[in-house]
Every structure is written in C-alpha cells, then in structure tokens.
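Coordinate-derived values only; no laboratory data. This structure is a prediction, so every number in the text was calculated from the model and none was measured. Heads up, the Cβs are rebuilt from the backbone with ideal geometry, glycines too, and the neighbour counts pull from every protein chain shown.
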Amino acid sequence: MKRLVLLAALLIAGCGAPGNIAAPGPAAPQVVTFGDSVPAGTACGCTPFPDLYAKLLGGTSDNLAKSGFTSLDVRQQLATPVAEAAVRTATVVLVMAGANDVAAAFDTGGGTYAGPTEQVRQNVTAVVADVHALQPAAAVLIFGYWNVVEDGDVGRRDYGDDGVAEAAAATKDCNDALRKAAAGAVYVDTTTAVKGDSGEEDPTGLLAADGDHPNAAGHAAIAAAAYAALPHG
C-alpha cells in the first residue's frame, strides 16, 4: 500500500514538474511616448522614431505625442487617466518636448530665451518625477533637438545667416534646459544623430520638405540614437 501511495505521489509530482510546463517568456518591452510633432511623425508620412525604437527593442509602442504640444501640454497630459494607465505598464518612456515653447519666442524676435527655457526645465523635470512616481522601474529618455525651428536648406532660405545663428542659440538654450531636466533620466542628443559628430553637417537629407521635421531617414537616425542610449542584453 505504501508503495502504491508513493508511486501515485510521484506521478502527481511529475505532472506538475517545471520541466513539463512551458515557462512564461519575459514580457515584451512597452514604449510609451510623450511630446510634440517630431515624435508624432508630422510631415513625414513614415513610421516615427518612437515606433521604430520599439521595434528595435522587440516591443510595442504607445505613441501619445501630439503636434503642437509644449512642455506644459505634456505635463498636463501626463495627469490624464489614459496617460497614467499607459505609464504604469511602460518599460521605457520617451519624452520630446520644449521646441514649441522656445520657437514661439524665436518667432517674436528672440534675443533671450531665459523665460521659456526655464519653463521647459520645470515642466520636463516634473514629467520625469511624475513618470517615476507612476512606474519606478521605467527608464526615461529625454530628447534634445538638432534645431527648435527650421534647418537645412529651408532654414537658410527663410532665416538668412543671422536667423540661422539665432536659431542655433535658441536650440542650445533649449537643450541646456532639457539636459538639466534629465538629471533623473537619460538625455538623448539628436544633434549628433541629425547633424553628425561635429554637429555642423547639413541635415537637409534627413529632413522633410518643410525643413522642420525629420523624414524617414531622420526618424531612423533618432531611433538608433535612442537605442544606443541604454544598455541592452
């Protein structure tokens, strides 16, 4: 009798042994994106960089970026139920916002960008903190800009030499603010991705016809920069 009981126990244990049950695989990475028209893919007619980045990770993309959004818009969006739910499931959160804040000052004459860039710093800093509060395990990537306004052939045509120099100054101030905001995250430099290691190469070939947004090649370059920003494997 004891032998029969032992045999039955072994059979039951064998049926439930780990070797006979397929172990669940790791969950696919979930990329959630906030930002303006660049991550939204405006003027491209192509797959935008957040979705390309998610494919590089072998994951999925929830792209919540909206054309025209400022850093304050993103901060407010993050307080919505849809955004909060998305972040709670995120593996990586991408944030690209601030260009519209600074471009507005550029369009009205420029000269100083201290006010708008401080707002960018405060808002994006708050976004990073809010993301970490919702999902402490998520990596957060903060993207800088190669230009907060038009660039390449279009920028030179529309702004002239003085305007191009002013755009560079506005972009530097915006990126400085974003680097500070990324103190609790990872800053991704898109200038190198779009304008080469020197930061001075002509970006026209990576821009859409409006000179203001990336084309398909530009989005691919930014996605590659994002992928290189975090360790993998």
C-alpha long axis of helix 152-181 to longest principal axis of the chain, angle in °
50
Give me the angle, in degrees from 0 to 90, between the Cα long axis of helix 114-134 and the longest principal axis of the Cα atoms of the chain, rounded to the nearest 10.
10
What shape does segment 123-233 have by the C-alpha gyration tensor, where a ≥ b ≥ c are the square roots of the eigenvalues, rounded means a/c under 1.5, and otherwise prolate means a/b greater than b/c and oblate the rest?
prolate
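Report, for segment 88-224, the % of DSSP beta bridges that are antiparallel, rounded to 5.
Numbers: 1 of 8 bridges.
If I count the DSSP bridges inside segment 88-224, around 10 percent turn out antiparallel.
Among DSSP beta bridges lying fully in the chain, give the percent that are antiparallel, nearest 5.
Working: 1 of 17 bridges.
Here the share of antiparallel DSSP bridges comes out near 5 percent.
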Segment 85-103 scanned against label point 7 Å out from A137 along Cα→C-beta; backbone N under 16 Å for 86-93
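Any idea how many Lys pairs in the chain come in under 25 angstrom at the alpha carbon, given 8 or more places apart or on separate chains?
Details: K55/K66; K55/K195; K66/K172; K66/K180; K66/K195; K172/K180; K172/K195; K180/K195.
Lysine pairs meeting both conditions in the chain amount to 8.
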Relative to the longest principal axis of the chain, what angle (0 to 90°, nearest 10) does the C-alpha long axis of helix 216-228 take?
60
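Take the Cα radius of gyration of the chain and divide it by 2.2 N^0.38 Å, with N its residue count; two decimals is plenty. Present the calculation step by step, with values, prior to reporting the outcome.
On the way: Rg = 22.9 Å, N = 233, 2.2 N^0.38 = 17.5 Å.
Relative to the 2.2 N^0.38 Å estimate, the chain comes out at 1.31.
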For the charge dipole of the chain, defined by +1 on Lys and Arg C-beta atoms and -1 on Asp and Glu C-beta atoms about the Cα centroid, which residue among V131, V186, T47 has the Cα displaced farthest towards the positive pole?
V131
Please report how far the C-alpha centroid of segment 85-126 lies from that of segment 183-233, rounded to the nearest whole angstrom.
17
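Between T47 and A104, what FRET efficiency follows from the Cβ-Cβ distance if R0 is 30 Å, with the result rounded to 0.05?
Details: r = 29 Å, r/R0 = 0.95.
E between T47 and A104, to the nearest 0.05, is 0.55.
Taking the Cα centre of segment 29-228 as origin and charging only Cβ (+1 Lys, Arg; -1 Asp, Glu), how large is the dipole, in debye to the nearest 20? Numbers along the way, then the final one.
On the way: 11 positive and 25 negative charges, 171 e Å.
For this selection, approximately 820 debye.
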A228 and V186 label points (each 7 Å along its Cα→Cβ direction) are spaced in nm at 1.3
Among G58, G152, G41, which one shows the biggest mean-square fluctuation in a GNM of the chain, springs joining Cα atoms closer than 10 Å?
G58
Residue farthest toward the positive end of the dipole of the chain, with Cβ of Lys/Arg at +1 and Asp/Glu at -1: which of V31, A229, A177?
V31
